[in-house]
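The values are calculated or read from the model by the stated rules, or taken from the named source; none is laboratory data. Note that this is a predicted model, so its numbers are computed, not measured. All Cβ positions, glycine included, derive from the backbone under ideal geometry; neighbour counts span all protein chains shown. Areas reflect the complete protein model, heavy atoms only, side chains present, ligands, DNA and RNA absent. Shrake-Rupley method; radii C 1.70, N 1.55, O 1.52, S 1.80 Å.
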Amino acid sequence: EAVVGGFSAENQIKEAIAKIQMSDVFFSKIIAGMQNYPVNGGTMSTDGKNLSYNPEFVQKLVNYGGNNSVQGVVVHEILHIAFGHHLAFAKELDEVKKTGNENLKWMVNVAADLAINDFLKGRPGFPQDLFIPGVNPHEEPFISFPANKDARWYFNQLLECYKKKPNPPTPDNPEKGN
């Protein structure tokens, strides 16, 4: 990996993981066998086994809030594994791979993020300003979604919205579908 201006996304990821492992045995067990690899585009994600990260996104996190921001997003990704999202949505994710259905992919991702962000909100030691605006229950465009629901519940709600409006609102475009 190229180092630009002394910055190495790989080193930031390794540092974040080491701090998480030292501070939390639960997260440490989940992340112990994960491989980490850079990707072009996107942000950070997991397939249930590995952690992929966009070095440019990691640099933005570091510029924003230092390695604590990187740790926060890594914890978010670990929770996808802990909550079994890759298993709970295996059928839908398989369909996305086969058909390229971006709307289905979006609904799975947003449903999982709604559940995780709701779980993390207010937790001590988690940077509260890392939450993506619009991917939280009780915030636009999900103002009517209650807290304390699992990803499947949120997915079913999104699916109902999609059935009513073929272009449901997204965090990037809350006016979409009107």
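Restricting attention to region 55-67, report how many residues are among the hydroxyl-bearing types (Ser, Thr, Tyr) and open to solvent by less than 30 Å² (accessible area, probe 1.4 Å).
Residues meeting the conditions: 0.
Give region 129-146 a look and list any residue that's modelled with pLDDT under 80 and either in a loop (DSSP other than H, G, I, E, B) or hydroxyl-bearing (Ser, Thr, Tyr) (or both), or say none.
Phe131, Ile132, Pro133, Gly134, Val135, Asn136, Pro137, His138, Glu139, Glu140
Looking at region 8-49, which of its residues are under 26 Å from Val96 (Cα atoms), β-branched (Val, Ile, Thr) and open to solvent by 40 Å² or more (accessible area, probe 1.4 Å)?
Ile30, Val39, Thr43
Results for (1) assigned to a helix (DSSP H, G or I); (2) touching a helix residue (DSSP H, G or I) at 6+ places or on another chain (Cβ under 8 Å); (3) without any contact (Cβ under 8 Å) to a residue 12 or more places away in the chain, shown as yes or no for each residue.
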| site | (1), (2), (3) |
| --- | --- |
| Lys14 | yes, no, no |
| Lys19 | yes, yes, no |
| Lys29 | yes, no, yes |
| Asn40 | no, no, no |
| Gln59 | yes, yes, no |
| Val62 | yes, yes, no |
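Working carefully through the options Lys149, Lys105, find the one that is at pLDDT 90 or above, under 17 Å from the mean Cα position of the chain (by Cα) and more than 27 Å from Gln35 (Cβ to Cβ).
Lys149
Just checking, how many residues over region 53-102 are modelled with pLDDT under 90 and among the aromatic types (Phe, Trp, Tyr)?
Within region 53-102, residues that are modelled with pLDDT under 90 and among the aromatic types (Phe, Trp, Tyr) number 1.
Can you work out which of the residues in region 99-110 that are touching a Phe, Trp or Tyr at 6+ places or on another chain (Cβ under 9 Å) and farther than 18 Å from Thr43 by Cβ is surrounded by the most Cβ atoms within 10 Å (Cβ to Cβ)?
Leu104
Which ones in region 77-93 are in contact with a strand residue (DSSP E or B) (Cβ under 8 Å, 6 or more places away or on another chain) and open to solvent by 50 Å² or more (accessible area, probe 1.4 Å)?
His86
Checking the conditions here, which among Val74, Val96, Val70 is touching a helix residue (DSSP H, G or I) at 6+ places or on another chain (Cβ under 7 Å), farther than 22 Å from Lys121 by Cβ and open to solvent by less than 30 Å² (accessible area, probe 1.4 Å)?
Answer to the check: Val96.
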